Amino acid sequence: MDGLDPSIMPATGTPEPGGLTWWQAMECLVAITLSRTVIGFDVVELAPIKGLHAADFTAARLVYNLMGMIVRGNDI
């Protein structure tokens, strides 16, 4: 989660100003899943902020999208 820009992921221990946008992150993950066999992944560094739920949903959506990319593989 640290690699994402704080404008979309403020709830992390080490925010990265100028980090990846959502679509840049998705492009990177698509490239990885198309060129490699992914057998597992770990999404870390979410530091929930009380009352701020957008970051939680962003992390969940990232996991959901990555699982779909892995399942689809080269069929995208």
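Rule-based calculations on the coordinates, nothing more; no lab input. Please read all numbers here as calculations on a predicted model, not as lab measurements. Quick reminder, even Gly has a Cβ in these numbers, built from the backbone with ideal geometry, and neighbours come from all protein chains shown.
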Net charge near GLU16 (other residues with Cβ under 11 Å of its Cβ; Lys, Arg +1; Asp, Glu -1) is -3
Only helices counted: for the chain, with every DSSP H run of 4 or more residues adding -39500 (n - 2.57) and the sum spread over all residues, [θ] at 222 nm is -14500 deg cm²/dmol
Rh_Kirkwood(the chain) over Cα pairs, Å, one decimal, evaluates to 13.0
